[in-house]
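Where a number appears in this text, it was derived from the coordinates with a stated rule and is not lab data. All figures in this text were calculated on a predicted structure; none of them were measured in a lab. Positions of Cβ are backbone-derived with ideal geometry, glycine not excepted, and every protein chain shown enters the neighbour counts.
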C-alpha cells in the first residue's frame, strides 16, 4: 500500500500520572511537606522522559510536549498565559509550585478555582477565571523548559496547548454580564508571543486543541476561528488544529480554508465524518486521523482501520489516537492477574502507541503481516468468546415490554399508599447513603480482600459498624435510616465485583483530577446478577430499628458511565442489561421487607451527548433504564434516586420521566438556586434538596439550614419536601458528621414547629444568612 505522502504518526497527549501513579504520590508528599519542590521536579522529569522514550520506541514521528501537568492542563495554560485569578494576588511570571497548587486546592484566604468535567469525560479541569482586568501578559516558562528538555534528548517535538478559542470559551466570567469575547485580542496577542518563542526554539509543529468545534457553537464563537487563525498564519510553527469527542463535519469548509497546516479528526466517536473530509480536503494539508480509541481500552481492529483509510491514498495523512490518551491507563503489561484471554482484548496507552505504529508502517509499505495476524486473532477471540455473550441475558432483553418500564400506578396513588405505610412526619429527614469510612473500616476491608481476615470476622466487624451507624441515627432522630455502606469500597466497583460481565484491573488507574485517580471496572460482556448483592447487609440493618431502612443501590446509567464499557453493542443495550440486574436486586430487597430503596444516578447528566440534537435519544433510553430497574415493586415500596451537583433545568422532563418517588439533589452550594427549575417546571414528585455541603468540614449553623429549608419551600410545596445533606458522608469524620446532622435535625424541628403553628414555613428572607467560611473540599 503506497501513498503520495509518507504517513506520519503521533499522539495528542499521554497520561501523566505514571504507570504506578508516581505523580500522584509525589504530589501528595509535596502537599504534606514530606518532599521539597526539587524532589517533586525530579519525579516529573523522570515521567516525561519515560513517556517520550516510549513514543520514540514506537516509531512516532514526534514526541508530544505540553501534555504534562502537575495538576491540570487548563491550569497550566492559565499560568503560561498570565491569566491567574486576581483574588490570589500571585505573580504569574514568578509562580512557584506551592502557589500553583493553592490555585487548584485553595488556601486559608481563598477557595479553590472552580472545577468541572472536561466535555463528556470523567476528567475534571480547573475553570479559568477571567474579568475585564485579565491582561494575559505572560506567566511561567515551564512549557518552554519542557520543550528544551525534550529537544536536548534528541526528540522531534510537537508542542501542544489548549487552543485560544477553547480556552476562552471554557473560562468563567467573574463579573456578571461580562463578555469573554472582548478579551480575544489579548488572548490572540499572548498566543502570538508563544508562537514566536516556539519558532526560536526550533519547534516545527504546534498542536492547538479546539474541541469546542464539536459543540453546538454560537455564531459569534464560530466566527472567531477565521480571524484568529489567520493572525497566526505567518508566526511560528506549523499549526495542527485538533478536534475530538464529536463530528466537525458541519465545519469542513471552515477547517479546509483555515490557514493552518493540518486538522485532527476523532474518527472513533464520529467515524462518519471521514467521508466528508476525504472528498473536500486539499492534498497539501495534513489530515490527522484519530483511529485508535483514546477513551476506551479495547484492542483496535487494525485491518478494519487500514481498509477504512485506504481510500485516502494521495492525502497527507497522519495517524493518531482519537484524543489524548489521558483517559486510559498507562501500561497493560503490569496486569499480572488478568487471564490471558481477557488481557488479549485490551490495550492501554503504551499498547496504543504500538497500534498506531503498526498502522503507520503498513501504510508506508512495510511488512507488518505478522502483527496484523496477531491483532486479528485477538479481535476474533473477543467476538467469539462465550464469556461475552449470555443467551439468557439476550432473551431477557428481547422479552422487555413497556410494562417493565412502568410502575403499577401513577405517583399520586403510590404516594397515598406510601404515606399510610410509613407515616412519616412533614419534612421527613434522611441521609444520602454512606457514613464515614474510618481507617478501621478500610483496614478490615483490605485484610479481608488479602485473605488475612476470615469471612466470619469480617462480617462481624462490618455488622458492628452498621450497628454504630444505626445507633447514631436513632440518637439523632433521623426518620429514614441508612446502613452506612461500611462494606463498600466504591459505589460502582462494589456492584461490578458481584455482577457477571465485569473484570477489574490492578493498575488500570486514570486521572480524575489533580492527584485523584480512579480505576474503572472493565465491562466486557453481558451483565447479569448471579446472587443478591446487598440484601443480607440491609436486612441486618433493618433488624436493628423500627424505622424504615433504605436499601442503597447504584443505578444502571452511573454503572455504565463510570466503567470502561464494551464497544461491540449500543450503550443503550448494555444499560438495559445492567438495569435488569439492578431490578432483580430491588425486587429481592422488597421481598426481604425493605420498603424504601434508593437507586443512585449521579452520572445521569454526564451521559448527555455534546450536541443537543442527540439528547432526546439518550435521555429516552437512560430514563427508561432507570424505570426498568425500579418498576418491579409494589406501589407501597418507595423508590428514591440521588443526583449530584449539576444543572438540571434543561433535562427536567427526562428526570421527571424517571418517575422516582423521591429525588435528592445537591443544592446547598448554589443557595438553593438549582432548585428553582424544579419549581418552574412543577416537578410532580417529592424532592430532597441538600441543605448542607458535605464536601467541606464546615459545620453549618442551624440558621443556615433552616433558611435553606424555608427557601426550598417557596419553590416546592412543603408536602413534597424532604430534608437531607447534599451527598454521602463517607469522606467526613464522625464528630463533624454528627454535629452537622444534629444541626440539620434541629433546623427541621424548628421548621416543623413553625409549620404546625402557622400553617407554613418562615420566610427565608427573614432568616439572616451566616458568614460562610470556606473549607477544603474533602474530595481533594
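Key figures for this structure:
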{"read-out": "Residue 742 versus residue 196: modelled label distance in nm, points set 7 Å from Cα along the beta carbon direction", "value": "6.4"}
{"read-out": "Ranked list, fewest to most other Cβ atoms within 10 Å of each Cβ, for 100, 618", "value": "618, 100"}
{"read-out": "Distance (nanometres) between label positions extended 7 Å along Cα→Cβ at residue 681 and residue 280", "value": "3.6"}
{"read-out": "Helix-only [θ]222 nm of the chain, DSSP H runs n ≥ 4, -39500 (n - 2.57) each, per residue, nearest 500", "value": "-12000 deg cm²/dmol"}
{"read-out": "Rg over Rh, two decimals, the stretch 597-706 (C-alpha only, Kirkwood Rh)", "value": "0.99"}
{"read-out": "Packing-based ranking, highest mean first, of 35-46, 724-735 given that Cβ atoms within 10 Å are counted", "value": "724-735, 35-46"}
{"read-out": "Cα centroid separation - the stretch 645-669 against the stretch 390-437, whole Å", "value": "16"}
{"read-out": "Packing rank of 504-517, 548-561, where each peptide gets the mean count of other beta carbons within 10 Å, highest leading", "value": "548-561, 504-517"}
{"read-out": "Alpha carbon centroid spacing (whole Å) that separates the stretch 108-167 from the stretch 691-757", "value": "39"}
{"read-out": "Relative contact order, percent, the chain [alpha-carbon distance under 8 Å, six or more residues apart]", "value": "12"}
{"read-out": "Helix 22-32 vs. the chain, principal-axis angle (Cα, 0 to 90°, nearest 10)", "value": "60"}
{"read-out": "Order of 722, 31, 118 under a 10 Å beta carbon neighbour criterion, fewest first", "value": "31, 118, 722"}
{"read-out": "Whole-number percent relative contact order across the stretch 409-766, with pairs defined as alpha carbons under 8 Å at least 6 apart", "value": "19"}
{"read-out": "Sequence ranges 571-577, 193-199, 73-79, 364-370, ranked by mean other-Cβ count within 10 angstrom, highest first", "value": "73-79, 571-577, 193-199, 364-370"}
{"read-out": "Proxy reagent accessibility, fewest Cβ within 10 Å first, across 620, 10", "value": "620, 10"}
{"read-out": "Euclidean distance between Cα centres, the stretch 304-352 to the stretch 508-558, Å", "value": "30"}
